[in-house]
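The values are calculated or read from the model by the stated rules, or taken from the named source; none is laboratory data. On a predicted model such as this, the values are computed, not experimentally measured, just so you know. Reconstructed Cβ throughout: ideal geometry from the backbone, glycine too, with neighbour counts over all protein chains shown.
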Amino acid sequence: MFRNVEELIGIAKAEDIAISEVMIRQEMKAKEMSREQVFENMEQNLIVMEEAVEEGLKGVKSHSGLTGGDAVLIQKYMEEKRPLSGELLLDAVSKAVATNEVNAAMGRICATPTAGSAGCVPGTLFAVKNRLEPSREDMIRYLFTSGAFGFVVANNASISGAAGGCQAEVGSAAGMASAAIVEMAGGTPEQSADAMAITLKNMLGLICDPVAGLVEVPCVKRNAMGASQAIVSADLALAGVKSKIPCDEVIDAMFKVGQRMPSAFRETAEGGLAATPTGKALAKEIYGS
Amino acid sequence: MKYRSVFDIIGPVMIGPSSSHTAGAARIGRAARNLFGEKPEHVDIHFYGSFKSTYKGHGTDVAIVGGILDYDTFDDRIKTSLETAETEGIQVTIHEEPSTPDHPNTARVLLKTGENELELTGISIGGGKVEITELNGFPLRLSGNHPAIVLLHNDRYGAIASATAVLAEARINIGRMEVSRKAEGAQALMVIEVDQNISDEVMKQLEGAEHITQVARISD
């Protein structure tokens, strides 16, 4: 069982297999399941992700009324204008937003690694899919690659906003997505690790400050940002840009930053955007006191 | 290592909006229900830390009651659990606790029906994963990821052997086990995590085993 990214890359290189394959083999061993069962379980998750994006792109609204409908706006803009940031990137953003809008509306989603950060992995997958035209198996492998990196973060740091801030949630999710994009695009395991490291470095210190305690503002747009960062980091890594700080050390730094983060910035709705005059007014409006 | 499966990371499939505050809460509630073994008449839920500050926004109360109604994380009925509890005559009281817990996402659940009572403390550690940290005053560590058996027994020699003999006979492998007690010679608690779900027959045998006073199971 790999304990860190170095070991994960080590196994992939020694056995000359992809990171997704390392994760698949480990899962088969840990759960005593066949390859078919492991793949089928992951495909069920993929189906939930597809359904969530589809629902979000039709337009949903949360109970509080704080979020919903932005995914539709972005898609419409893409149809009518030429987006400055590029079709693929904005497509990923809209699908990440769609997923989190569905989540905020108490719809059904697949946590990747959490519900609040559930948009980054599927958002990027379904956008990159249109460019790379992967097989169904490769799409499922994308989730295993993401999972492998998330597995390391969860075991060595944290994937909880209450424990480590948004860097631990959207930071981890975006990092996982960037590593998976690299593999799908034909990059090496090392390049996946570089993409993960670059993404997470750019998310360090990001606080968890949900307005009114709801997984809506700023969570939905943080997933938009996470998805776009994931794609940019993947491109950097595929171009040969390396992270000066090794991936495992970045994960450890993220953990330590999270430990020193005041509780006001760890999902308590007591700091950051939640504590702005408008944030507080919205909370009052929603709860009526 | 706290997380052992890729499906802890890519998953669970759940009703939003928060894996720790909604899905995790549902799992804590469901663990309490499974150990309690029947529909409770009275439910007291104590929220601490981030659970206390944000439970309304995340639907933590709705989710934990959903769990107590035996719903899974992806069950649509979670959304209307409070109404369902009311219709079914379950009295639910939420308590907001000001003290700072060891873990920011902590909930203590008390279930009561007649003489049957259960008190369980659970923490939601991220991504929907939970740990049960206390049961009827006994500290323990139960991930809720594997099927498990919880046994109350007399604190005396042979109690552990009598329980494990039943499992060995049924060819059930023990993944992890933990024994704790309040005082020497008093009531003790045994927690056994196993690889497969426990059948009714094995449960019956455990109930009849020497020195064992109460048995509950948590299915996968």
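Observations on the model:
- Neighbours by Cβ (under 7 Å, 6+ apart or cross-chain): first from segment A:166-194, in contact (Cβ under 8 Å) with a residue 12 or more places away in the chain; second among the acidic types (Asp, Glu) and surrounded by fewer than 24 Cβ atoms within 10 Å (Cβ to Cβ): A:Met184/A:Asp138
- Residue list for segment A:145-188, restricted to those being of a type in the set (Ser, Thr, Tyr) and within 10 Å of the chain's Cα centre (by Cα): A:Ser146, A:Ser172, A:Ser178
- Residue list for segment A:118-143, restricted to those being within 14 Å of chain B (Cβ to nearest Cβ), assigned to a helix (DSSP H, G or I) and among the aliphatic types (A, V, I, L, M): A:Val121, A:Leu125, A:Met139, A:Ile140, A:Leu143
- Annotation: A:Asp91 fulfils all but one of (1) closer than 25 Å to A:Pro189 by Cβ; (2) away from every other protein chain (no Cβ under 14 Å); (3) crowded, with 21+ Cβ neighbours inside 10 Å; (4) charged (D, E, K, R); the unmet one is (1).
- Filter pass, B:Met190 being closer than 25 Å to B:Gly67 by Cβ and either surrounded by fewer than 17 Cβ atoms within 10 Å (Cβ to Cβ) or more than 19 Å from the chain's Cα centre (by Cα) (or both): no
- Test set (1) within 14 Å of another protein chain (Cβ to nearest Cβ); (2) under 15 Å from the mean Cα position of the chain (by Cα) - A:Ala195 fails condition number: (1)
- Test: residue in segment A:161-183 that is within 13 Å of chain B (Cβ to nearest Cβ), at pLDDT below 95 and closer than 21 Å to A:Ala224 by Cβ: yes
- The numbered conditions (1) crowded, with 24+ Cβ neighbours inside 10 Å; (2) under 19 Å from B:Val6 (Cβ atoms); (3) away from every other protein chain (no Cβ under 14 Å) are all true for A:Thr112 except (3).
- Here the condition is being surrounded by fewer than 23 Cβ atoms within 10 Å (Cβ to Cβ) and either acidic (Asp, Glu) or over 21 Å from the mean Cα position of the chain (by Cα) (or both); of A:Arg3, A:Arg25, it holds for A:Arg25 alone.
- Any strands (runs of 3 or more DSSP E) falling wholly within segment B:78-126 and containing at least 1 residues that are surrounded by 15 or more Cβ atoms within 10 Å (Cβ to Cβ) and at positive phi: B:116-126
- Restricting attention to segment B:161-175, the residues that are part of a strand (DSSP E or B) and more than 14 Å from every other protein chain (Cβ to nearest Cβ) total 1.
- Residue count, segment B:136-160 (criterion: assigned to a helix (DSSP H, G or I) and touching an Asp or Glu at 6+ places or on another chain (Cβ under 9 Å)): 1
- A:Glu169 vs. criteria among the acidic types (Asp, Glu) and over 16 Å from B:Tyr3 (Cα atoms): no
- Counted residues, segment B:205-215 - those being surrounded by 12 or more Cβ atoms within 10 Å (Cβ to Cβ), part of a helix (DSSP H, G or I) and out of contact with any Asp or Glu (no Cβ under 9 Å at 6 or more places or on another chain): 2
- Filter pass, A:Phe126 being in contact (Cβ under 8 Å) with a residue 24 or more places away in the chain, aromatic (Phe, Trp, Tyr) and more than 21 Å from B:Tyr3 (Cα to Cα): yes
- Residue within segment A:99-106 that is in contact with a helix residue (DSSP H, G or I) (Cβ under 8 Å, 6 or more places away or on another chain) and at pLDDT below 95 present: yes
- Among the candidates A:Ala253, A:Ala283, residue that is within 11 Å of chain B (Cβ to nearest Cβ) and aliphatic (A, V, I, L, M): A:Ala283
- The residues listed here are A:Ser263, A:Ser228; of these, the one that is surrounded by fewer than 16 Cβ atoms within 10 Å (Cβ to Cβ), over 17 Å from A:Glu6 (Cβ atoms) and either of a type outside the set (A, V, I, L, M, F, W, C) or out of contact with any Pro (no Cβ under 6 Å at 6 or more places or on another chain) (or both) is A:Ser263.
- Residue list for segment B:45-77, restricted to those being of a type in the set (Asp, Glu) and surrounded by fewer than 20 Cβ atoms within 10 Å (Cβ to Cβ): B:Asp70, B:Asp72, B:Asp75, B:Asp76
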